[in-house]
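K.L.:
One structure, pasted below without further comment.
The values are calculated or read from the model by the stated rules, or taken from the named source; none is laboratory data. The shown structure was predicted, so the numbers you read here are calculated from the model rather than taken from an experiment. Methodologically, a virtual Cβ is constructed for each residue, glycine included, from the backbone with ideal geometry; neighbour enumeration extends over all protein chains shown. What goes into the accessible areas is simple: the full protein's heavy atoms, side chains included, and nothing from ligands, DNA or RNA. Shrake-Rupley method; radii C 1.70, N 1.55, O 1.52, S 1.80 Å.
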Amino acid sequence: MQVLESLLDNFKTELNSIQKIADLLNLKSKYIGKQGPLADVMKNIKDATPEEKRTLGSKANELKNTIEALVSAKMLELETEEINQSLLKNKVDFSLTDTVLDKGLQAAGLHPVTIIQQEIEDIFISMGFEVLDGPHIEDEFHNFEALNIPATHPARDMQDTFWFADKKHLLRTHTSTIQVRGMKERKPPFRFVGPGKVFRCERTDASHEMVFHQLEGMMVGENVSVGNLIYFMKTLLTEIFKKEVEVRLRPGFFPFVEPGFELDIKCLICGGKGCSVCKHVGWVELLPCGMVHPNVLKAGGIDPEKNNGFAFGLGLDRLVMMRYGIDDIRHLHSGDLRFNSQFKTF
Ligand code: DAH
């Protein structure tokens with residue numbers, strides 16, 4: 001009993017000076033392991049009276065439980081300490097930006113086309129449009145047939161196409177392909193936009209690239225009108241240019257719309273008086289659009305007797321060039337960091 005009485009005090013004194021998990025485990029086995037004083041007491045218990053056996057037995061048990069609880073608490077303390085120490089040692093300094101910039105490296109930024117695209121997406125989202133995506137590699141059906149451009153149609157020549165060797169697949173020449181997929185996947189009424197890269201097999205110059213960007217838009221419902229089309233386009237352009245713009249429609253031909261239009265805006269540079277930007281006509285051609293052709297609705301699984309709609313195809317590169325005063329479209333894909341880093345950085 002005397003051994004047991006002093007055991008706990010001795011244990012506590014030793015426990016206080018423990019600083020390592022390994023030492024703690026050793027201490028634990030020293031006191032309550034098979035060779036420890038507790039085990040000794042239990043071995044010798046057979047010589048005691050039944051009365052003593054009972055008190056010794058329960059005292060020993062109680063001691064064992066207390067020591068185990070103290071060991072667990074200490075273990076938790078040491079483990080937490082260990083984690084904290086390793087966190088301190090492996091500290092990551094997130095405030096490196098200035099150092100990186102001092103060394104002449106550049107912070108990441110957004111490409112101007114991405115900036116415009118995200119802005120326009122936000123404007124359309126605020127007007128209740130969905131934003132859809134579509135594949136770059138397409139088949140004839142989505143790029144031409146479903147858009148009312150059959151194989152023999154001369155309009156196929158309007159867009160010089162990159163064909164794959166199988167003569168069935170191509171790199172999409174316009175984002176109008178997204179119309180077809182969008183229509184098939186939903187029931188009217190709906191409205192969506194679909195931005196992305198498009199590809200044409202063309203000679204490049206200051207205003208032509210083989211890869212450029214469009215944003216397709218479509219709204220289908222029961223009584224969609226040219227008035228709706230003008231309203232949405234005007235709101236969009238006013239938001240983009242941050243000032244009230246005047247628009248006008250001229251007839252334009254695209255097989256997937258009837259009637260089709262070219263939407264012009266009054267020149268923002270000269271206010272319509274005539275300058276070099278608007279080639280002295282006072283208006284800038286910006287946005288082809290029209291009322292969706294019944295054949296296109298049918299190809300998208302929509303009954304043209306019940307529904308109609310408008311569609312438009314906005315050229316994003318042109319907008320970027322107008323917004324930032326860029327005079328050559330080839331800068332956009334140059335990958336030149338001196339060009340790219342002039343726009344918004346994070
Ligand atoms: N897909 C046409 C192009 O790339 C642009 C276009 C014209 C889209 C009229 C339309 C539209 O949705 O209605 O040249």
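K.L.:
Kindly write out, for region 192-203 in residue order, the coupling ³J(HN,Hα) from the Karplus curve 6.51 cos²θ - 1.76 cosθ + 1.60 (θ = phi - 60°), rounded to whole Hz, with x marking Gly and Pro.
P.N.:
Those phi angles translate into 8, 10, x, x, x, 7, 10, 10, 9, 7, 10, 6 Hz.
K.L.:
Further, regarding this structure: Want the number for residue 61 to residue 155: 0.36 nm per residue separation, take away the alpha-carbon distance, what's left?
P.N.:
24.4 nm
K.L.:
Could you give the radius of gyration (one decimal) and Dmax (whole number) of the Cα atoms in region 2-89, in Å?
P.N.:
That works out to 15.8, 58 Å for Rg and Dmax.
K.L.:
Could I ask something else about it? Count the net charge of all other residues whose Cβ sits under 13 Å from the Cβ of residue 44, scoring Lys and Arg as +1 and Asp and Glu as -1.
P.N.:
For residues surrounding residue 44, the net value is 0.
K.L.:
Need the full-extension length gain, residue 167 to residue 270, defined as separation in residues times 0.36 nm minus the C-alpha distance. One decimal, nm. Let's see the in-between values first.
P.N.:
Numbers: separation 103, 0.36 × 103 = 37.08 nm, distance 4.72 nm.
Extending this stretch completely gives an extra 32.4 nm.
K.L.:
Also, quick follow-up: Counting only helical runs of four or more DSSP H residues, what would the 222 nm mean residue ellipticity of the chain come to if each run contributes -39,500 (n - 2.57) and the total is spread over all its residues? Working shown, then result.
P.N.:
Numbers: 12 runs with 143 residues, N = 346.
Helices in the chain give a 222 nm mean residue ellipticity of -13000 deg cm²/dmol.
K.L.:
Could you work out what % of the accessible surface of the chain is carbon and sulfur, using a 1.4 angstrom probe and leaving DNA, RNA and ligands out of the count?
P.N.:
The C+S portion of the solvent-accessible surface of the chain is 53 percent.
K.L.:
Output wanted: per-residue J couplings in Hz (rounded whole) for region 235-240, from phi through Karplus 6.51 cos²θ - 1.76 cosθ + 1.60, θ = phi - 60°, x for Gly and Pro.
P.N.:
Here the 3J(HN,Hα) series is 4, 4, 5, 5, 5, 5 Hz.
K.L.:
In percent, how large is the relative contact order of region 2-89, given Cα pairs closer than 8 Å and 6 or more residues apart?
P.N.:
That works out to 33 percent.
K.L.:
Using a basic spin-label model with each label point 7 Å from the Cα along Cα→Cβ, how many nm lie between residue 201 and residue 243?
P.N.:
4.4 nm
K.L.:
How large is the accessible surface per residue of the chain, computed with a 1.4 Å probe and reported in Å² as a whole number?
P.N.:
Counting only protein heavy atoms, the per-residue value for the chain is 58 Å².
K.L.:
Place a label point 7 angstrom from the Cα of residue 49 along the Cα-to-Cβ direction, then list the residues of region 1-38 whose backbone nitrogen is under 16 Å away.
P.N.:
1
K.L.:
List the relative contact order of the chain as a percent without decimals, with contacts defined as Cα pairs under 8 Å and 6+ residues apart. Intermediate results must be reported in sequence, preceding the final value.
P.N.:
Details: 507 pairs, mean separation 56.0, N = 346.
Computed value for the chain: 16 percent relative contact order.
K.L.:
What nm value, rounded to one decimal, do you get for the distance between residue 327 and residue 16 when each label is placed 7 Å out toward the C-beta?
P.N.:
In this crude label model, residue 327 to residue 16 measures out at 8.5 nm.
K.L.:
Could you calculate the FRET efficiency of residue 187 with residue 136 from 1/(1 + (r/R0)^6), where r is the beta carbon distance between them and R0 is 35 Å, rounded to 0.05?
P.N.:
0.80
K.L.:
Using Cα atoms only, what is the angle between the long axis of helix 50-89 and the major principal axis of the chain, expressed in degrees (0 to 90) to the nearest 10?
P.N.:
Orientation of helix 50-89: about 40 degrees from the principal axis.
K.L.:
Quick test of your reading: applying the under-4.7 Å Cβ rule, which cysteines of the chain are isolated?
P.N.:
If one checks each Cβ against the other cysteines of the chain, 201, 289 turn up with nothing under 4.7 Å.
K.L.:
Any idea what Rg and Dmax come out to for the chain if you just take the C-alpha atoms, in Å?
P.N.:
Every Cα atom of the chain included, Rg and Dmax give 38.1, 120 Å.
K.L.:
In region 10-59, what is the volume of the convex hull around the alpha carbon atoms, normalised per residue and reported in Å³?
P.N.:
Considering the Cα atoms of region 10-59, their hull volume per residue is 70 Å³.
K.L.:
May I ask you to list the trypsin sites (Lys or Arg not before Pro) in region 244-322 that are in a DSSP loop and have at most 16 other Cβ atoms within 10 Å of their Cβ?
P.N.:
Qualifying residues, ordered by number: 273, 279, 306.
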